[in-house]
Structure formats: structure tokens, C-alpha cells
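Novice: Below: one structure in C-alpha cells.
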Amino acid sequence: MTTAVESPITAIAAGNVPDERLAAAGRPLSAVTGAEILAPLISGGHVRYANLDYGASAPALTVVSAYLNEILPFYASVHRGAGYASQISTSVYENARNIVREFVGGRPDDSVIFTRNTTDSLNLLAGCLPGTDGEPAGDVLYLDIEHHANLLPWQGVPHRSIVAADTIAGTIDSVRTELEQGGVSLLAVTGASNVTGEILPIRELAALAHRHGARIVVDAAQLAPHRRVDISADDVDYLAFSGHKLYAPFGAGVLVGRPDWLDAGTPHLAGGGAVKEAKLDGVSWAIGPARHEGGSPNVLGAATLARATQVIASLDQDRWHAHESAIRSYLVEGLQAIDGVTVHQIFKDTDPDKDTIGVVNFSVAGYDAGLVAAYLSAEHGVGLRDGRFCAHPLLKRLGLPSGSLRASFGVGSRLEDAQRLLAGIEKLRRDGLGWDYVVDAGRWVPANDTRTYPHWAPNTPGTAGAAPCIDD
């Protein structure tokens, strides 16, 4: 049986949402693929899936999906191919670099290297840190609030870490103090926290790094889908982000930045395409992006990433920010009004109107975060993220060693998604769980789950791939 899906406008009107918020975010800002899929409820029937997990992987923009279908017939191996399809694919792939460079305000000589994801990009840069006579030129400096992508790659090279203060101003002072000690070659910072959505002052940090002879790399995996980035204006040396968070399929990533370190660094993938000349016992490596793009590249991933940046760049910034701010403020205020719910943030001096993106982190007293997430999915058709978000040091520092909940949203979201989440949390606090739940392979799932899945999908609750990072 399929239940009728209430229109977003009707649902929001019933919740007495202020007119200005309704006008800003009653409807999606931009169409995304899969926006109207129906999620099965454990009690029977279906509802429109409320996707509040954009921070993990955002749905593809419909414009990008259409572009994919347009170029897919021409897909072929790039570079060195004389055939018609290969020539077309090569031109699309190489032009994608120019599009991405323009999107981030890159300098004319900046390298644009396509990778697997943000993690891959930062690992690549870690292999290109300069040195003299085999010795590193300096340490990499990073904060304790970083995603593992901007934490773990630096632990294999000389490094220092800083515990961020409870204010942004205090954190900048701590960074300044450490830089004044000397010996830092690279400052690695997040553009926006993947846990709380708080934005760091990138331009100020870049100036601070340069004043003390260091460069700066920004993990923009969360920032780029929510704010325009201009590395020339902000004087950022390196920037990394991912297509799968920027409304593009296929999980391509990119590293943009100054070419000198990259051209001298260890090739990231030794293989075909990365060399000028190979011998049985030696090799002459290429310079430029090819040096780090050994093997057949993710042509469609790079192309769709580039197309997504064009769509995002065309958005009216005032409307874009108003849309996101309306959803976030409505959600934060609603959560804070529910007894037993805590909204988490890192810094006391964060300006919620200017210094946050579409990410809200919270916990519900008396309930494991994974259980709340399973309940919201099974009983309300709401999808969000639970756990430690690949930011274990930060979660411990926030007093959440076993994890919390994260709602994240973007251009395809609408106020009704946030309203559905709030209604589910309110019902949980008032009535408790409406179903029995058990732990299977480390994940909470409904007991005796009889929901069906598409014929091409495994008919299981999806616990086979549960993340291993459950131990403290």
C-alpha cells in the first residue's frame, strides 16, 4: 500500500512557518535527481524520502544528470587516442580543468589535478611537501577539529597539532603562537567543519601562514557546496574538494594549487600517462597534472564535477544563502525547543547567520545516535548521518565519544524536510520508539523488517558494509 504524500507547501503551512522562511526555502533552490523517491515505512506505506544527508554525498543536480546522458555515448579513453570518441572525451576532460580552475578563482598557472576524492587529493599533496637533502623543509600544522582526510595524511610526515580554542578568535591566536615558533611549511585547515558546519576565516588564516613563511591548504569538501571560494582573493595555496559532495556523481575529487611543489613531488600513482619515458630500470616523470594522474582517469567524474561547478556558480548568492539559512535556523530553533535535545557547536563566537553552512549536529538524551537515525529512517522516512563522522578527536573533545547525529542539506532541500525531522524527534521524546530495534553488524535496524527494496537492490537493511570505526 502507498500512502498519499502531502505537498511540502501544505505541510509547512500547517506548521505555522514564518512567511519569510517559507518564501526562501519552501521549495528546492535547484532540482536534484531522486528528489521524489519514496521511502518505505516500517509500519507500511511510503513517504517522500527526506534526504538530510547531503554532507555525506549530495544528490546529483538534474542538469548534471542530463549532461551525463548527453556525453555518455562519447565516453572513451582519453589522451593519445586518434578516434573521434577519444578526441571528444579528451577535450571534455581537459576542459574540465579550466572550468574547475575558474570556479575556485584559481591563478592562471595553478595545477588542477583530478583525484578520487578529497582524501586522495590531500594524500597527494602530502607526497609533495618540499625538502632539502632528503630532510623535510618544515612541519605540517593542523587543528584537532579536522576530518580524517585532513588529519591522517599529515601523520606520515613531520607534523604538529593544535587543540582549537572554544572561540574562533582564540583558535587564531593559538595558530599564530605556533607559527611564531617557526619551522612550519604548511598549515592545513578545514573550510567548514563536516561535524558542525562552522566556517573558519580562511583569508585571515592564509595571511597568517604566509606572514610566517608557510603555505596553506584548505579542505573545502564541505565548504565548496555551500559557499563560493576564491583562492586568488583569499591567497590560498592549495584547495581540495569532491564531486560527490558538490552534486555530481562518480566520486571524482580535485586538487588545485601552486605547481612548484606538485611538479617536484613524488608521483601519486606510478603508471601509464604519468611519464615522459619509461625504461626497464628507470623512469623520467612528467610534470603538470599528468605526473599525478597515472592510469585511466575518471573522465565522467571529472566532467560531471566541472558541470556541477558551473551550475553552482550560476546561483544567485543572496537567494542561495537565504534558502540555506532559512532551513538551518528553522531546524536549530526547533531542535533547541525540544526537551532533551542538544545542538552542538565548536566555537562560542560563531555567527550562525554568517559563519555556518547547511550542517546541524545534535544528540537526543537517553538514546544512542545510531538508534535515533534508524528510528527516523524506518518510522519517518528521514535520512541523516550518525556516528563520529570521520572526526574522532573532535567528537571526543565535544564530549561525544560514541557519536551524535548530523542533519545536512543543500540546494535540493526544502523546509518540509526539516519539519519532518523535528516531528520525528518530538514524537520520540513524547511517545518513545514505535518499533523494536536490534543491533546487526554494528548498526541499529528494525527487528522483523519486512520492507521491500527495488528489484535490483539487495533486500537487506544494508548492514553488510557497516563502518569499522565503532571502537573508542
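Novice: Once the principal axes of the Cα atoms of the stretch 276-353 are found, what is the range along each, listed largest first in whole angstroms?
Specialist: Sorted from largest, the Cα extents of the stretch 276-353 read 69, 31, 22 Å.
Novice: Could you sort 279-290, 251-262, 156-167, 97-108 so that the peptide with the highest average Cβ count within 10 Å comes first and the rest follow in order?
Specialist: On the way: 279-290: 12.5, 251-262: 22.8, 156-167: 15.9, 97-108: 18.2.
Top to bottom by mean Cβ count within 10 Å: 251-262, 97-108, 156-167, 279-290.
Novice: What whole-number volume per residue, in cubic angstrom, does the convex hull of the C-alpha atoms of the stretch 83-151 give?
Specialist: On the way: hull volume 10.7 nm³, N = 69.
Here the figure is 156 Å³ per residue.
Novice: Below 8 Å, C-alpha to C-alpha, sequence gap of six or more: please give me the relative contact order for the stretch 40-102 in percent.
Specialist: Numbers: 25 pairs, mean separation 10.4, N = 63.
So the answer I get is 16 percent.
Novice: Among the DSSP beta bridges whose two residues both lie in the stretch 184-337, what percent are antiparallel, rounded to the nearest 5? Numbers along the way, then the final one.
Specialist: Numbers: 10 of 18 bridges.
Bridges in the stretch 184-337 are about 55 percent antiparallel.
Novice: Determine one quarter of the surface area of the Cα convex hull of the stretch 181-235, which equals its mean projected area, and express it in nm² to one decimal. Mind dumping the intermediate values first?
Specialist: Values: hull surface 15.9 nm².
Mean projected area of the Cα convex hull: 4.0 nm².
Novice: For the cross-link pairs K245/K354; K354/K396; K245/K396; K245/K279, which exceed 28 Å when the distance is taken from alpha carbon to alpha carbon? Could you put the intermediate results ahead of the total?
Specialist: Details: K245/K354 21 Å; K354/K396 26 Å; K245/K396 25 Å; K245/K279 40 Å.
Cα-Cα > 28 Å for K245/K279; rest within.
Novice: May I ask you to give the solvent-accessible area per residue for the chain, in square angstrom, as obtained with a 1.4 angstrom probe?
Specialist: Numbers: 20200 Å² over 472 residues.
About 43 Å² of surface per residue is accessible.
Novice: Just to be sure I follow: if Rg is taken over the C-alpha atoms of the stretch 311-409 and Rh is the Kirkwood radius over the same atoms, what is Rg/Rh?
Specialist: Working: Rg = 14.6 Å, Rh = 14.7 Å.
Rg/Rh: 0.99.
Novice: Output the relative contact order of the chain, whole-number percent, from Cα pairs under 8 angstrom with separation of 6+ residues.
Specialist: Details: 896 pairs, mean separation 104.5, N = 472.
It rounds to 22 percent for the chain.
Novice: While we're on this one: Protein chains only, probe 1.4 Å: how do Y49, Y375 rank by accessible area, largest first?
Specialist: On the way: Y49 65, Y375 0 Å².
Accessible-area ranking of Y49, Y375, largest first: Y49, Y375.
Novice: What number does the stretch 228-282 give for Rg over Rh if you use C-alpha atoms and the Kirkwood radius? Intermediate values should be presented prior to the final figure.
Specialist: Values: Rg = 15.4 Å, Rh = 14.1 Å.
Dividing the radius of gyration by the Kirkwood radius yields 1.09.
Novice: Please give the peptides 324-332, 432-440 ranked by average Cβ packing (other Cβ atoms within 10 Å per residue), highest first, as a rough proxy for protection.
Specialist: Working: 324-332: 22.0, 432-440: 14.2.
Highest mean packing first, the order is 324-332, 432-440.
Novice: Give the carbon-plus-sulfur fraction of the accessible surface of the chain in %, rounded to a whole number; probe 1.4 Å, heavy atoms of protein chains only.
Specialist: Details: 10450 of 20200 Å².
Carbon and sulfur together cover 52 percent of it.
Novice: Which whole-Hz couplings ³J(HN,Hα) result when phi for each residue of the stretch 336-348 is put into the Karplus expression 6.51 cos²θ - 1.76 cosθ + 1.60, θ = phi - 60°, listed in order with x for Gly and Pro?
Specialist: After applying 6.51 cos²θ - 1.76 cosθ + 1.60, I find 5, 7, 8, 4, x, 9, 10, 8, 9, 8, 8, 10, 6 Hz.
Novice: What share of the DSSP beta bridges in the chain is antiparallel, in percent to the nearest 5? Could the numbers behind the result be given before it?
Specialist: Numbers: 37 of 56 bridges.
Taking every DSSP beta bridge within the chain, about 65 percent pair in antiparallel fashion.
The values are calculated or read from the model by the stated rules, or taken from the named source; none is laboratory data. Remember, predicted model here, so these are calculated numbers, not experimental data. Reconstructed Cβ throughout: ideal geometry from the backbone, glycine too, with neighbour counts over all protein chains shown. These accessible areas exclude ligands, DNA and RNA; they are computed on the full protein's heavy atoms, side chains included. Shrake-Rupley method; radii C 1.70, N 1.55, O 1.52, S 1.80 Å.
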